[in-house]
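Enquirer: I'd like to ask you about the structure that follows.
The values are calculated or read from the model by the stated rules, or taken from the named source; none is laboratory data. Predicted model, so just to flag it, every value in this text is computed and none were measured. Backbone-built Cβ (ideal geometry, glycine too); neighbour counts: all protein chains shown. Please note that ligands, DNA and RNA were not included when accessible areas were found on the heavy atoms of the full protein model with its side chains. Shrake-Rupley method; radii C 1.70, N 1.55, O 1.52, S 1.80 Å.
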Amino acid sequence: GDLDKVVNLLLSLSGRLARVETALGSLGPHAPAEDKLALREKQRLLVAQLEDAKELKEHVGRREEAVGAMVARYLPPEHLQDYQHFVKMKSALIAEQRELEEKIKLGQEQLRCLRESL
């Protein structure tokens, strides 16, 4: 459960940071200084939060290793391999699910815009 939460947090913060950086890049040279300042402050906060989330992921990783060592004492080798595979794939599947959800959301937004333009 903690792994799910940390991976989702990392993905969320990364996405928000990317949007802020895109917004900063799209500001023209004549954009109000307060807009640039506000976006830079958001960027600074998101970078700090992302670093904290990475540290949290490392902590969860160390805890996962400790749990894995305890589980290894009680499971036969074939079940242990299944467990290890499950843990590895869980993060990848969470990230893939999040990416697909974002693509669906983007597609729905594009469809809405197309309908409005017709």
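Enquirer: How far apart, in nm, are two points set 7 Å out from the Cα along the Cα-to-Cβ line at residue 55 and at residue 103?
Expert: Simple spin-label model gives 3.5 nm for this pair.
Enquirer: Something else about it: In debye, nearest 20, what is the charge dipole magnitude of region 76-117 about its Cα centre with +1 on Lys and Arg Cβ and -1 on Asp and Glu Cβ, if you could check?
Expert: Roughly 160 debye for region 76-117.
Enquirer: If you compute Rg/Rh (Cα atoms, Kirkwood Rh) for the structure shown, which of (i) 1.03; (ii) 0.96; (iii) 1.16 do you land on?
Expert: (iii)
Enquirer: How many percent of the accessible area of region 1-73 is carbon or sulfur, using a 1.4 Å probe?
Expert: Values: 2860 of 5010 Å².
Ligands and nucleic acids excluded, carbon and sulfur reach 57 percent.
Enquirer: Once you place label points 7 Å from the Cα toward the Cβ at residue 92 and residue 45, how far apart are they in nm?
Expert: Placing both labels 7 Å beyond Cα along the Cβ direction yields 3.6 nm.
Enquirer: Using the Cα centre as the reference, give the magnitude of the dipole from point charges on the C-beta atoms of the chain (Lys, Arg: +1; Asp, Glu: -1; all else neutral), rounded to the nearest 20 debye.
Expert: Its charge dipole is roughly 160 debye.
Enquirer: Putting +1 on Lys and Arg Cβ atoms and -1 on Asp and Glu Cβ atoms, find which of 95, 49, 31 reaches farthest to the positive end of the dipole of the chain.
Expert: Ranked along the dipole, the leading option is 31.
Enquirer: Using only helices, what value at 222 nm comes out for the chain when you add -39,500 (n - 2.57) per DSSP H run of length 4 or more and divide by the total residues, to the nearest 500 deg cm²/dmol?
Expert: Helices in the chain give a 222 nm mean residue ellipticity of -33500 deg cm²/dmol.
Enquirer: Something else now. Counting alpha carbon pairs within less than 8 Å and at least 6 residues apart, what relative contact order, in whole percent, applies to the chain? Don't skip to the answer; put the middle values down first.
Expert: Details: 43 pairs, mean separation 47.1, N = 118.
Computed over the chain, the figure is 40 percent.
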